[in-house]
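For reference, the structure is listed below as structure tokens.
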Amino acid sequence: MTSSTDPAERPHRRIRSYVQRSSRLGPRLQGHWDRFAPTYLVPIEHEEASMSIASGAALDPSALFGRVAPLVLEIGSGRGEMIAHGAEQRPERDHLACEVYTPGVAGILGRVGRAELTNVRLVHADATALLEYVLPAGSLDELWVFFPDPWHKSRHHKRRLINDEFASLAARVLKPGGIWRIATDWPDYADQVDRVLTASQDFDGGRTDRFDLRPLTRFEQKAHAEGRGVADFAAVRR
Ligand SMILES: C[S@@+](CC[C@H](N)C(=O)[O-])C[C@H]1O[C@@H](n2cnc3c(N)ncnc32)[C@H](O)[C@@H]1O
């Protein structure tokens with residue numbers, strides 16, 4: 001049997017939208033993890049030695065938050081600026097952050113923990129399974145994907161998170177009338193998002209004004225410094 005050196009490119013495996021990086025934490029981030037993971041981290045089983053969620057896993061959002069409330073999922077929360085700000089500004093909504101990068105998750109834990117937010121939980125895993133089978137169908141009011149990794153080289157475009165398949169998975173978890181919000185600072189990724197939304201039978205929408213709840217993260221600051229604009233999208237689940 002032949003196998004590629006890059007696990008993401010082996011046949012019969014889903015192509016990954018991320019690179020599996022070091023999960024080592026320094027003392028500050030380890031401190032956040034030890035202090036806040038018991039409250040905020042969703043206990044979820046992974047497939048062995050991977051960030052994929054085990055098949056058959058399921059989450060009940062109302063059990064997770066202890067109430068029934070509108071639910072927001074953010075994929076690729078990075079350092080958590082957006083999820084923490086959104087949760088603070090809209091206490092009546094529950095917020096699920098999903099991030100694969102371990103130091104990022106520790107940073108988010110520190111941010112939401114120190115702010116004592118009660119309407120945030122974190123999933124430390126590849127988000128794909130959340131959309132595919134872990135979350136109940138029609139359970140989301142909002143899905144956020146802000147500044148997804150651009151994967152510039154054309155041979156890497158297949159690793160971009162947002163594509164036709166992702167749109168179908170997003171349609172499964174968003175309730176009718178639910179909103180999928182996206183932002184990117186890379187014009188050719190914005191064109192790809194345009195194509196995906198136009199082709200989808202499940203969504204109405206496209207480019208829109210800047211989402212006013214979105215704080216200025218380092219990705220947007222860098223884009224401005226480099227003279228790139230940011231494209232925001234909003235699409236409503238039919
Ligand atoms: C370019 S960063 C943007 C972070 C953040 N949204 C912001 O605006 O600052 C993209 C993030 O998405 C995460 N990511 C990529 N693919 C993912 C996946 N399949 N599931 C969860 N997180 C993912 C990466 O680890 C990275 O932290």
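The values are calculated or read from the model by the stated rules, or taken from the named source; none is laboratory data. What you are looking at is a predicted structure, and each value in this text was computed from that prediction instead of being measured. Glycine also receives a Cβ, built like all others from the backbone with ideal geometry; neighbour counts cover every protein chain displayed.
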**Request:** From Arg90, Arg111, Arg67, grab the single residue that is more than 10 Å from the ligand (Cβ to nearest atom) and buried (at least 18 other Cβ atoms within 10 Å of the Cβ).
**Result:** Arg111
**Message:** When the residues of the range 212-234 are narrowed to those that are surrounded by 14 or more Cβ atoms within 10 Å (Cβ to Cβ) and not in a loop (DSSP other than H, G, I, E, B), which ends up nearest to the ligand (Cβ to nearest atom)?
**Reply:** Phe219
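Every residue, every condition in (1) within 16 Å of the ligand (Cβ to nearest atom); (2) at pLDDT below 95; (3) surrounded by fewer than 20 Cβ atoms within 10 Å (Cβ to Cβ), yes or no:
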| position | (1), (2), (3) |
| --- | --- |
| Asp141 | no, no, yes |
| Asn163 | yes, no, yes |
| Leu174 | no, no, no |
| Gly177 | no, no, yes |
| Arg195 | no, no, yes |
| Phe203 | no, no, no |
| Arg210 | yes, no, yes |
| Val236 | no, no, yes |
**Message:** Can you tell me which of (1) in contact (Cβ under 8 Å) with a residue 24 or more places away in the chain; (2) surrounded by fewer than 18 Cβ atoms within 10 Å (Cβ to Cβ) is the one Gly78 doesn't meet?
**Reply:** (2)
**Request:** Go through the range 22-42 and give me each residue that's more than 17 Å from the chain's Cα centre (by Cα), within 16 Å of the ligand (Cβ to nearest atom) and assigned to a loop (DSSP other than H, G, I, E, B).
**Result:** Ser22, Ser23, Arg24, Leu25
**Glu165 within 30 Å of Ser62 (Cβ to Cβ), among the acidic types (Asp, Glu) and within 15 Å of the chain's Cα centre (by Cα)** = no
**Asked** List pairs: first in the range 177-201 and under 12 Å from Leu161 (Cβ atoms) and β-branched (Val, Ile, Thr), second assigned to a strand (DSSP E or B) and at pLDDT 95 or above, Cβ under 6 Å, 6+ apart or cross-chain?
**Response** Ile182/Val145; Ile182/Phe233; Thr184/Ala231; Val193/Ile182; Val193/Phe233
**Prompt:** Restricted to the range 115-135, and to residues that are without any contact (Cβ under 8 Å) to a residue 60 or more places away in the chain and over 20 Å from Gly66 (Cβ atoms), which residue is surrounded by the fewest Cβ atoms within 10 Å (Cβ to Cβ)?
**Reply:** Glu132
